[in-house]
Amino acid sequence: MNDSMSIPHLIMNASTVVQGVMLLLIIASIISWVMIFQRTFVMRRARKAHQVFEERFWSGVDLNELYRETPSEQETQGAEHLFRSGFREFNRLLPKTRSPQAILDGVQRSMRVAWSREEERLNLHLVFLATVASASPYIGLFGTVWGIMGSFQSLSMAQQATLATVAPWIAEALIATAMGLFAAIPAVIFYNRLSAESGRLLGKYEDFAEEFHSILHRNLQGRAETGTA
């Protein structure tokens, strides 16, 4: 390959606008890959933490003992966070009211808030990946259009139109397109994958909240039947 048509040479000698487009796409690609690895690690850790906690929860351990074992709310995540929020509200309301429905409503609200925080934590930075996935092709296309415009300008100023006159402009335009796709394709693939994983985890958290709510409901029914305050 002729050195003047090599990719590094074309990038270094591209117009300022196209170089700016390429730089923006490179930065977006690097940041998106950092987010991809970071979010993948977060999802893997959340999935493992949920499995460990559910095994402990369904092992028959006393709920008060399990509550004492859980760390502070800032350190918990996933179903453990929902459990701690809900059971704390349960213990807070139990001595204050004799209405089981009022207690269960308070527990449900507390767990709903905890679930929303988990949703925010799991979906953090996914909007950035979606933005890169949707915007990068258009940013690359802008560089392509600019390069094609440059090729037509060079043709208009050339006395004799040859391939050598327009080839560098067209080449840098195509490189801009390729870089836009290079940034967009991994972003859209991992956005879909991470969004699906986040949805599965949030669904598991919601199922746990419903099951825990049912356990507390049976607990209150048992207290009412035995006359326990």
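The values are calculated or read from the model by the stated rules, or taken from the named source; none is laboratory data. Computed from a predicted structure; not experimentally measured. Cβ sites come from the backbone with ideal geometry, for glycine too, and all protein chains shown count toward neighbours. For accessibility, only protein heavy atoms count, side chains too; no ligands or nucleic acids. Shrake-Rupley method; radii C 1.70, N 1.55, O 1.52, S 1.80 Å.
Relative to the longest principal axis of the Cα atoms of the chain, helix 126-157 runs at roughly 10 degrees. For the chain, the longest principal axis of the alpha carbon atoms and the long axis of helix 16-57 meet at an angle near 20°. Of all segments of the chain bounded by GluC sites (Glu not before Pro) found in a DSSP loop with no more than 16 other C-beta atoms within 10 Å, the longest spans 76-229.
Segment 30-67 and segment 90-121 have Cα centres separated by 22 Å. If I fit a long axis through the Cα atoms of helix 163-226 and take the longest principal axis of the Cα atoms of the chain, what angle between them do I get, 0 to 90°, rounded to 10? The helix 163-226 is inclined about 0 degrees to the chain.
The mean sequence separation of alpha-carbon pairs under 8 Å and at least six residues apart, normalised by the residue count of the chain, gives a relative contact order of 31 percent. Gyration tensor analysis over the Cα atoms of segment 1-131 returns equivalent ellipsoid semi-axes of 52, 16, 8 Å (largest first, whole Å).
What ranking of Thr131, Thr76, Thr177 comes out by heavy-atom accessible area, probe 1.4 Å, highest first?
Result, largest first: Thr131, Thr177, Thr76.
Taken along its three principal axes, the alpha carbon spread of segment 68-121 comes to 35, 23, 12 Å, from the longest extent down to the shortest.
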